Amino acid sequence: MHILLTGGTGLIGRALCRHWLAQGHQLTVWSRTPQQVAALCGAAVRGIGSLQDYGDGPLDAVINLAGAPIAERPWTHKRKALLWASRIGLTEQLLAWLETREQKPALLISGSAVGWYGDAGERELHEDTPPVVEDYAAQLCGAWEETALRAEEQGIRVVLLRTGLVLAPKGGFLSRLLLPFKLGLGGPIGNGRQWMPWIHLQDEIGLIDFLLRQETARGPYNACAPQPVRNKAFATALGRALHRPALLPLPGLLLKVGLGELSGLLLGGQKALPVRAEQAGYVFRFTAIDAALADILKDAA
């Protein structure tokens, strides 16, 4: 296949490139730093700085994962504008370019997040569950999905990937937790009761690859393990994997003062379940948090 990726130099994109290069696919990454693509994604991956540089060659699928990190810094007006532009604005550029192509890809897999549902409390979230709370993260994900779905007007099948917290050996949110937990300073966030939908990087890549090959796949899929855990249980499991205590909570009030509106992303949660992925036949390699963390941290303890 000829595959175009946005966000290809990120955590998930780099892993996808390694996986698909091994399968013999032809990969192109649209990036602000195209000269770095080969080093980050693989020598055989072509980097382009402009969509017009892709040319008129064949294009079978587009994987749209680009977006500035949502939890990296407080949501000031400037930060919100960047988050919006890097998702909705970029996807609009992508659709405008696809409109000019005579040969359209059959499939667009577009990123989203379980934040689409908002802070859902104890409610189980399937792909047909409507948003529970219209907070900023839900609005951002909703607009991102609505924009991507406009590709259907061009005859392109659209898959929406609502990803949970991705666990990976290097990078991602887990890397920011390792130092305090290794020092014995880790613990739950707030009261620790909020649900954490997580997914091992191998399953994130496995599910995207699975959906790429399913000719009937369309619409939203929750990309998260079948067994979500509460934040307190996650902290305990991470401490156990690192052979450290995990007893020091991070007070919710402190987060609200320091992070403002962004704190809601950490203090809230989603009990999201991968109903459609399992119905389609995808088999998760990692379903339990202890096994996932043991695999990821086997060289870190």
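FYI, it's all coordinate maths here, none of it is from the lab. Please read all numbers here as calculations on a predicted model, not as lab measurements. Neighbour counts run over all protein chains shown; Cβ positions are idealised from the backbone, glycine included.
Data table
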| item | result |
| --- | --- |
| Nonlocal Lys pairs with alpha-carbon distance under 26 Å, region 2-296 (8 or more apart, or different chains) | 11 |
| Overall Cα dimensions of region 1-79, principal axis frame, Å, largest first | 42, 26, 22 |
| Angle between the chain longest axis and helix 172-182 axis [Cα atoms, degrees, rounded to 10] | 20 |
| Projected-area mean, region 80-141, by convex hull of Cα positions, square nanometres | 5.3 |
| Cα coordinate range in region 2-296, projected on the principal axes (Å, largest first) | 58, 38, 37 |
| Cysteines having no other Cys beta carbon under 4.7 Å from their own, within the chain | 141, 224 |
| Net charge over other residues, Cβ less than 15 angstrom from the Cβ of residue 194 (K, R count +1; D, E count -1) | +2 |
| Relative contact order (%) - criterion: Cα under 8 Å, at least six apart; region: the chain | 18 |
| Sites residue 101 and residue 291 - FRET efficiency at Förster radius 51 Å, r taken between beta-carbons, to 0.05 | 0.70 |
| Stretch gain in nm, segment residue 218-residue 43, where the contour uses 0.36 nm per residue and the Cα spacing is subtracted | 59.8 nm |
| Nearest-ten-degree value, helix 231-241 long axis tilted from longest Cα axis of the chain | 90 |
| Between helix 90-100 and the chain: long-axis angle, C-alpha atoms, 0 to 90°, nearest 10 | 20 |
